[in-house]
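Let me begin by presenting the structure, written as structure tokens, before commenting on it.
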Amino acid sequence: MQRRVRRADPAWPSAASWESLKGAVDGNLIEPRALFADCATNPNGAACMEALKNIRNPYYIGDQPAGTEVSGWLDAWTPAPSAYAVVARTADHIVAAVNFAREKNLRLVVKGGGHSYLGTSNAADSLLIWTRAMNKVTLHDAFVGHGCAGRTAPVPAVTAEAGAMWMDLYQAVTSEAGRYVQGGGCTTVGIAGLVQSGGFGSFSKGFGTAASGLLEAEVVTADGNVRIANACTNPDLFWALKGGGGGSWGVITKLTLRTYRLPEFFGAAWGKIKAGSDAAFRRLIAHFIDFYTDKLFNPHWGEQVSFGPDKTLHISMVCQGLDAPQARQVWQPFFDWVAASPQDLAVVDKLGAGAVQARHWWDVEGNDSMIRDTRAGASKMHGWWKGDQDQVGAFLHGYDSLWLPASLLQQNQRERFANALFASSRHKGVALHFNKGIAGAPVQAIAATRDTATNPALLEAFALVIIADGERPAYPDLPRPPMDLTAARHDAHEIDLAAAQLRTIVPDAGSYVSESNYFNASWQQAYWGTNYGKLRAVKAKYDPNGLFFVHHGVGSEDWSADGFTRLA
Ligand SMILES: Cc1cc2nc3c(=O)[nH]c(=O)nc-3n(C[C@H](O)[C@H](O)[C@H](O)COP(=O)(O)OP(=O)(O)OC[C@H]3O[C@@H](n4cnc5c(N)ncnc54)[C@H](O)[C@@H]3O)c2cc1C
């Protein structure tokens, strides 16, 4: 039985071996410490204070070798620093690290933005390849993939090194060059992790998944070769990278994405409504479904609404390609309908809609919706959405997601759907992310997304439902009151019950690999559906010995849960 070595094992590499790796990576080898290690040894010391001061800043967390955006998941995983980390600055450093891990039989971990909910970018006793320092971004007017000359037409594109975050691309592509690239909603997510997830941003209903815009990736595979993957060269690997899950195929060193004409306007609709009775809340749910189907189920509208246990509907939607009067005109009939029932419905947060010049969407300066990274030396272009603040360092009690087929919007299905939403929302807040379902998108976006590894259920889905909750940061050694485990487990159970209500109407629902339940027992089917067999074959071809292991990644069923022991 194959077993990877742990630090305590006699076969663990000697100090001299680590020194040789250090030489091969130009000195860029470190021993990472846990995010709050200093608080364990000296709670009043400057280092602990510095970490505490920055705990709500996602850029700070991402800048730490052992930083994870999520501080853990109840009964699932706890952040653990790697034994060593290669702070990669070039593809050669990554090659050296991959070869070292393979030859020394080490557990290998790859981290970019550190935003894995499932904890797949950290592991104890591992060697980490950390790409944070590789973040160069280059724009192209006419990109043709390697080996594609004469086979694919040149297109405008952007190439970014793997450690870049979406904010880096939005600044370069939209704020500076006036074009659009399809990436993620959260500005601090890493590009390589998100593209391999499939990846959704606020405007994916207009442009498809991030993976569908991938033109080329450079990848270091398990054999230590630097390979190009695109439609013409290693097309099977290219397809697997487009949604087959991060950390399973090799280490991406850089990737190139198509860019699009920027719409003139990006906009939003907002507000919160509270129903006075169960009957009124049911009516509100049913009316919203009708309104969504008639007015919002199209390439313009994405992001979310959520239905809460307190009988509230929270609207937090965005749009592309509509100016402010057009956005308001779309919503006015719904707002009028709400206003016409003051005895049943109270507006608890003002309702409204509007739009701004798309080119200024990601401006940090003067943007009321953004928080700037104000640390000394931080880029002035780095900010995060206020709406994402609660996620920074959050500890998860539970999380589940399901793709909802557009057939639920048919007239004869809507009542069933509304009843299930009501029943589900009795347990927990139920958020419908419309930008994370591709039904209703333009035909080109659907065609490009079809040519990816993500579960084809995505193509039929008008939304991804996310049901999740947690609490304030709970990193190991972070000074805080003890967690109420009974309450946390009860919360996790309510999330399970809420998801179960929706599974009664979508029994075999697909689920988004990167925003999903750690404990999903049918993950192969849920994440990849009919694509799973082909993904297994690509995995066997490029990584036959399973050097790249992640929790519920393709081929991970051959390994123990910790990725150290080969079972099959
Ligand atoms: C707060 C928050 C907000 C999010 N918002 C969105 C969103 O708006 N849209 C969306 O679609 N998803 C979103 N996600 C999910 C996110 O897209 C995935 O978790 C994604 O994988 C994160 O990538 P990362 O590089 O930041 O994370 P990491 O934890 O660094 O990496 C994630 C996975 O990708 C692998 N990986 C990273 N870099 C490489 C590389 N260079 N080569 C090979 N493998 C690599 C890692 O090994 C790991 O398995 C969000 C997650 C969080 C925590």
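The values are calculated or read from the model by the stated rules, or taken from the named source; none is laboratory data. This is a predicted model, so every value here is computed, not measured. For neighbour counting, all protein chains shown are included, and Cβ atoms are generated from backbone atoms with ideal geometry for every residue, glycine included. Accessible surface areas use protein heavy atoms only, side chains included; no ligands, DNA or RNA. Shrake-Rupley method; radii C 1.70, N 1.55, O 1.52, S 1.80 Å.
Could you check, for the range 62-78, whether at least one of its residues is of a type in the set (Asp, Glu) and either in contact with a strand residue (DSSP E or B) (Cβ under 6 Å, 6 or more places away or on another chain) or crowded, with 20+ Cβ neighbours inside 10 Å (or both)?
yes
Residue by residue through the range 343-365, note down the ones that are farther than 23 Å from Arg261 by Cβ and of a type in the set (S, T, N, Q).
Gln343
Only residues that are open to solvent by less than 10 Å² (accessible area, probe 1.4 Å), in contact with a strand residue (DSSP E or B) (Cβ under 7 Å, 6 or more places away or on another chain) and within 15 Å of the ligand (Cβ to nearest atom): list them for the range 215-241, please.
Ala217, Val219, Val220, Thr221, Ala229, Leu237, Leu241
When you scan the range 8-64 for helices (runs of 4 or more DSSP H) that lie fully inside it, which ones turn up with 2 or more residues that are aliphatic (A, V, I, L, M) and closer than 30 Å to Gly193 by Cα?
Details: elements: 15-24, 37-41, 46-54, 58-63.
By residue number, 15-24, 46-54.
Residues that are free of Cβ contacts under 8 Å to residues at least 24 places away in the same chain: which strands (runs of 3 or more DSSP E) entirely in the range 123-191 hold 3 or more of them? Step through it out loud before you land on a result.
On the way: elements: 126-130, 137-143, 155-161.
Correct list: 137-143.
Could you tell me whether the range 198-208 includes any residue that is touching a Ser or Thr at 6+ places or on another chain (Cβ under 6 Å), under 22 Å from Leu296 (Cβ atoms) and more than 8 Å from the ligand (Cβ to nearest atom)?
Yes.
Can you tell me which of (1) more than 30 Å from Arg283 (Cα to Cα); (2) over 27 Å from the mean Cα position of the chain (by Cα); (3) of a type in the set (D, E, K, R) is the one Arg372 doesn't meet?
Every listed condition holds for Arg372 apart from (2).
Do the conditions hold for Ala240, that is, is it assigned to a loop (DSSP other than H, G, I, E, B) and of a type in the set (A, V, I, L, M)?
No; evaluated as a whole, the condition is false for this residue.
Suppose we filter the range 251-292 for residues that are within 16 Å of the ligand (Cβ to nearest atom) and either hydrophobic (A, V, I, L, M, F, W, C) or in contact with a helix residue (DSSP H, G or I) (Cβ under 7 Å, 6 or more places away or on another chain) (or both); how many remain?
Number of matching residues: 7.
Out of the range 393-439, which residues are of a type outside the set (Lys, Arg), within 17 Å of Ile289 (Cα to Cα) and open to solvent by 20 Å² or more (accessible area, probe 1.4 Å)?
Pro405, Ala406, Ser407, Gln410, Gln411, Asn412, Gln413, Glu415, Asn419, Ala423, Gly429
Filter the range 94-118 down to the residues that are in contact with a Gly (Cβ under 7 Å, 6 or more places away or on another chain) and within 15 Å of the ligand (Cβ to nearest atom) and list them by number.
Val95, Val98, Arg107, Val110, Gly112, Gly113, Gly114, His115, Ser116
Can you pull out every residue in the range 446-486 that is aliphatic (A, V, I, L, M) and open to solvent by 10 Å² or more (accessible area, probe 1.4 Å)?
Residues of the range 446-486 that are aliphatic (A, V, I, L, M), as a first pass: 446-448, 453, 457-459, 461, 463-468, 474, 478, 483, 485.
If the condition is that a residue be aliphatic (A, V, I, L, M) and open to solvent by 10 Å² or more (accessible area, probe 1.4 Å), then Ile446, Ala447, Ala448, Ala457, Leu459, Ile466, Ala468, Ala474, Leu478, Met483, Leu485 are the ones that fit.
Kindly indicate the residue of the range 428-456 that is small (Gly, Ala, Ser), over 26 Å from Gly308 (Cα atoms) and more than 18 Å from the chain's Cα centre (by Cα) and also farthest from the ligand (Cβ to nearest atom) among those meeting that condition.
Among residues in the range 428-456 that are small (Gly, Ala, Ser), over 26 Å from Gly308 (Cα atoms) and more than 18 Å from the chain's Cα centre (by Cα), the one farthest from the ligand (Cβ to nearest atom) is Ala447.
Listed residues Glu176, Glu161; which is open to solvent by 10 Å² or more (accessible area, probe 1.4 Å) and under 30 Å from Arg33 (Cα atoms)?
Details: Glu176 fails: under 30 Å from Arg33 (Cα atoms).
On inspection, the qualifying residue turns out to be Glu161.
So Asp491 clears everything in (1) within 16 Å of the ligand (Cβ to nearest atom); (2) in contact with a His (Cβ under 6 Å, 6 or more places away or on another chain); (3) within 22 Å of Ala420 (Cβ to Cβ) except one condition, right? Which one?
Exception for Asp491: condition (1).
Please go through the range 250-307 and give me each residue that is open to solvent by 30 Å² or more (accessible area, probe 1.4 Å), hydrophobic (A, V, I, L, M, F, W, C) and farther than 21 Å from Ser424 by Cβ, ordered by number.
If the condition is that a residue be open to solvent by 30 Å² or more (accessible area, probe 1.4 Å), hydrophobic (A, V, I, L, M, F, W, C) and farther than 21 Å from Ser424 by Cβ, then Phe265, Trp270 are the ones that fit.
Does Ala85 meet the test of being in a strand (DSSP E or B) and either surrounded by fewer than 22 Cβ atoms within 10 Å (Cβ to Cβ) or within 16 Å of the ligand (Cβ to nearest atom) (or both)?
Answer is yes for this residue.
Between Ser121, Ser126, which is within 16 Å of the ligand (Cβ to nearest atom), over 21 Å from the mean Cα position of the chain (by Cα) and small (Gly, Ala, Ser)?
On the way: Ser121 fails: over 21 Å from the mean Cα position of the chain (by Cα).
Criteria check complete, one pass: Ser126.
Consider Gln389 against the criteria (1) open to solvent by 20 Å² or more (accessible area, probe 1.4 Å); (2) over 30 Å from Asn44 (Cβ atoms); (3) not in a loop (DSSP other than H, G, I, E, B): it satisfies all of them except one. Which criterion is unmet?
Every condition holds for Gln389 apart from (2).
Filter the range 474-505 for residues that are in a loop (DSSP other than H, G, I, E, B), out of contact with any strand residue (DSSP E or B) (no Cβ under 6 Å at 6 or more places or on another chain) and in contact (Cβ under 8 Å) with a residue 60 or more places away in the chain and give the result.
Answer for the range 474-505, where residues must be in a loop (DSSP other than H, G, I, E, B), out of contact with any strand residue (DSSP E or B) (no Cβ under 6 Å at 6 or more places or on another chain) and in contact (Cβ under 8 Å) with a residue 60 or more places away in the chain: Tyr475, Pro476, Asp477, Leu478, Pro479, Met483, Thr504, Ile505.
Does at least one position in the range 479-494 carry a residue that is within 22 Å of the chain's Cα centre (by Cα) and either at negative phi or of a type in the set (Ser, Thr, Tyr) (or both)?
yes
Is it the case that the range 320-337 has a residue that's of a type in the set (Lys, Arg) and out of contact with any Gly (no Cβ under 9 Å at 6 or more places or on another chain)? Steps first, answer last, please.
Taking the range 320-337 first, the residues of a type in the set (Lys, Arg) are 328.
Now narrow it down to the ones that are out of contact with any Gly (no Cβ under 9 Å at 6 or more places or on another chain): none.
Within the range 320-337, none of the residues are of a type in the set (Lys, Arg) and out of contact with any Gly (no Cβ under 9 Å at 6 or more places or on another chain).
Got at least one residue in the range 305-312 being within 16 Å of the ligand (Cβ to nearest atom), outside any strand (DSSP E or B) and out of contact with any Lys or Arg (no Cβ under 6 Å at 6 or more places or on another chain)?
Looking through the range 305-312, none of the residues is within 16 Å of the ligand (Cβ to nearest atom), outside any strand (DSSP E or B) and out of contact with any Lys or Arg (no Cβ under 6 Å at 6 or more places or on another chain).
Of all residues in the range 543-568, which are assigned to a helix (DSSP H, G or I) and surrounded by fewer than 22 Cβ atoms within 10 Å (Cβ to Cβ)?
Glu557, Asp558
With the structure loaded, tell me whether Asp363 is open to solvent by less than 70 Å² (accessible area, probe 1.4 Å) and farther than 30 Å from Leu502 by Cα or whether it fails that test. Walk me through how you get there before you give the answer.
Numbers: open to solvent by less than 70 Å² (accessible area, probe 1.4 Å): yes; farther than 30 Å from Leu502 by Cα: yes.
Yes: the conditions hold for Asp363.
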